[in-house]
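Visitor: Below is a structure I'd like to ask you about.
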Amino acid sequence: MERLTRRAVATIRENYHEPLALDDLARSVMMSKFHFIRVFQRTTGVTPGRFLSAVRLHEAKSLLIHSSLNVAEISARVGYSSASTFSRRFTAAVGLSPTRFRRAGRCDTLEGPRITPAPAGSGALGSVAGTVRTPERSRYPVCLGLFDGPILQGQPVAWTTLDRAEAFELRSVPPGAWHLHAVTPGARATGDQWGDSPLLVGTVGPLHVDAGVRTRADVTLRREDWTRPPVLLALPGFGSRPAAA
């Protein structure tokens, strides 16, 4: 089954700019649509549709930084028929509009994400504490946050930047189910910009956080591989790179 899922992921990465229907992807790996969705999600953590959307938006990030195409042209280039739909989804996932991302990314002025505040009157909050571990030595900080899904996108409910892979605690976390995401450049950096390095990433979740309770969660960072949807959130210094093949 992994071989077939890998083939489907390769199809998405190679043909993201074309209309890709779920039925077509399922037929390409000789599965029924519903069985294909289950197998794909078990391997990648997300549905085929969400994986495709993440690949399209990730490629758009790269084009915004490295090309002179305007937003409408980039929207069409990555498979969107509506520039307004593209801009809305890009802004929600990346945290900046396409125009602001292009300006900030080219000037290296990207900032950390905005935190979604707990609703007024939400009562007692929880916390998440643990340790970030990495099998590779990295001289770069680790970005760490709690999000509402398995893709690193949108606004976190808690966020911090560590000097290195080490112990952490995220406080004032609203009760609920959250995914813990951590990311740092890899050890084989060749330049001063984080964007020159391969990413080390880790995800744990969903974590169920209760009011007044400290939830324990350790996360191990590993190199991006073909099973992971791309990191979409705009992060300071990370630039934009091709997704893992």
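Visitor: Give me the percent of Cα-Cα pairs in the stretch 126-223 that sit more than 22 Å apart, rounded to a whole number.
Guide: When all Cα pairs of the stretch 126-223 are counted, 26 percent exceed 22 Å.
Visitor: As a footprinting exposure proxy, order LEU96, LEU144 by other Cβ within 10 Å, with the fewest listed first. Numbers along the way, then the final one.
Guide: On the way: LEU96 21, LEU144 24.
Arranged by neighbour count, lowest to highest, LEU96, LEU144 become LEU96, LEU144.
Visitor: State log₁₀ I(q)/I(0) for the stretch 2-107 at q = 0.12, 0.17, 0.24 Å⁻¹ as given by the Debye formula over alpha-carbon point scatterers of equal weight, solvent excluded.
Guide: -0.44, -0.78, -1.19
Visitor: What do you get for the angle between helix 33-44 and the principal long axis of the chain? Use alpha-carbon atoms, 0 to 90 degrees, nearest ten.
Guide: Taking the Cα atoms of the chain, the angle to 33-44 is about 40 degrees.
Visitor: Quick one: if the Förster radius is 35 Å, what FRET efficiency do LEU162 and ARG27 give, using the C-beta to C-beta distance and rounding to 0.05?
Guide: Numbers: r = 45 Å, r/R0 = 1.29.
Between LEU162 and ARG27 the formula returns 0.20.
Visitor: Next question, about the same structure. Output the Cα-based Rg and Dmax of the stretch 54-117 in Å, rounding Rg to one decimal and Dmax to a whole number.
Guide: 11.4, 36
Visitor: Also: For helix 2-15, report the angle its Cα long axis makes with the longest principal axis of the Cα atoms of the chain; keep it between 0 and 90° and round to the nearest 10°.
Guide: So the inclination is approximately 70 degrees.
Visitor: At most 13 other Cβ atoms within 10 Å and a DSSP loop assignment: could you name the GluC sites (Glu not before Pro) in the stretch 1-89 that fit?
Guide: Working: sites: GLU2, GLU14, GLU59, GLU73; in loops: none.
Listed in order of number, the matching sites amount to none.
Visitor: Fewest Cβ neighbours within 10 Å first, please rank ASP210, ASP148, ASP225 accordingly.
Guide: Values: ASP210 13, ASP148 17, ASP225 9.
Placing the least packed residue first, the sequence is ASP225, ASP210, ASP148.
Visitor: Another question, if that's okay. Quick one: give the max-minus-min coordinate of the C-alpha atoms of the chain along each principal axis, largest first, in Å.
Guide: Per principal axis, max minus min of the Cα coordinates gives 47, 44, 41 Å.
Visitor: Another one. Hey, fewest Cβ within 10 Å first, where do LYS61, LYS33 land in order? Working shown, then result.
Guide: Numbers: LYS61 27, LYS33 14.
Lowest count first: LYS33, LYS61.
We did not get these values from a lab; they are worked out from the coordinates using the rules stated. On a predicted model such as this, the values are computed, not experimentally measured, just so you know. Reconstructed Cβ throughout: ideal geometry from the backbone, glycine too, with neighbour counts over all protein chains shown.
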